[in-house]
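Here the structure comes first, spelled out in structure tokens, and everything after it is commentary.
The values are calculated or read from the model by the stated rules, or taken from the named source; none is laboratory data. No experiment lies behind these values; they were computed from the predicted model shown. Please note: Cβ atoms are built from the backbone with ideal geometry, for glycine as well, and neighbour counts cover all protein chains shown. For the accessible areas, the whole protein counts, side chains as well, though only heavy atoms, and no ligand, DNA or RNA atoms are used. Shrake-Rupley method; radii C 1.70, N 1.55, O 1.52, S 1.80 Å.
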Amino acid sequence: MKKIINKKGLGTVIGTIIFILIAISVIGSLLIISYKEQTINTEITQAQTINSLKNAENLQIHTNNPQNNQGAGQQRQVTITNQGAVASDLLYLVVVPVNNNGQIIGPPIQIIPINQVLQPGQSYTYTFNMHNGNYGYGVITAYGNIFWTNVGGGG
């Protein structure tokens with residue numbers, strides 16, 4: 001006598017397993033998409049914050065840059081004052097030659113690392129020796145701003 005195997009519920013079980021696998025795949029994909037979207041939103045918020053801080057940065061530069069002095073070396077002082085509402089991380093002081101109109105006429109003569117943080121209202125003075133001539137000074141900050149003095153007619 002032949003044995004008859006009852007296969008009535010087998011299709012339902014296989015269908016349920018396939019449905020569960022598809023559901024897990026869809027839920028997993030949605031979770032990954034949600035995570036990536038949240039990461040992008042966080043990066044956009046950070047970029048907007050940095051841009052806002054960059055725009056709030058305001059430095060004033062004063063110098064005793066003697067014009068057309070005699071002698072091989074002159075002591076120069078550059079005073080940087082933070083007039084902005086945010087702390088400024090000063091990275092470099094750039095010294096460039098300028099003509100009498102304050103236009104840059106050559107590549108930087110010196111790039112001096114400063115690595116100083118200025119809180120709002122604070123000042124920092126840097127003293128160094130330079131040869132005689134007309135110079136403009138720029139301060140590069142961590143936000144990517146460059147503040148100039150004696151360049152472009154300013155001072």
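Quick look at the numbers
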read-out	value
Alpha-carbon centroids, the range 98-151 and the range 15-40: separation in whole Å	55
Long-range amide H partners of residue 134 with built H, under 5 Å	68, 98
Hz values of 3J(HN,Hα) by residue in the range 98-108 - Karplus curve (6.51, -1.76, 1.60), Gly and Pro given as x	10, 8, 5, 8, x, 8, 5, 10, x, x, x
Whether the range 1-56 is rounded, prolate or oblate, judged on the alpha carbon gyration tensor where a/c under 1.5 counts as rounded	prolate
Computed P(r) (all Cα pairs; the range 58-148; 10 Å bins; percent)	17, 50, 27, 6, 0
Accessible area expressed per residue, the chain, with surrounding protein chains retained (probe 1.4 Å, Å²)	67
Positive-end extreme of charge dipole, the chain - chosen from 109, 30, 63 (charges on Cβ)	30
Cβ-placed point charges (K, R +1; D, E -1), dipole of the chain about Cα centre in debye, nearest 20	1280
Values of log10 I(q)/I(0), in the order q = 0.09, 0.14 Å⁻¹, for the chain under a Debye, Cα-only, solvent-free model	-0.49, -0.78
Extension gain, residue 79 back to residue 17 (0.36 nm per residue minus Cα-Cα distance, nm)	14.9 nm
Cα-centred dipole magnitude for the range 1-56, charges only on beta-carbon of K, R (+1) and D, E (-1), debye, nearest 20	680
Ellipticity estimate at 222 nm from DSSP helix runs (n ≥ 4, -39,500 (n - 2.57)) divided over the chain, nearest 500	-11500 deg cm²/dmol
Candidates 26, 95, 78, ranked by Gaussian network fluctuation over the chain, Cα under 10 Å, top entry	26
Between helix 10-56 and the chain: long-axis angle, C-alpha atoms, 0 to 90°, nearest 10	10
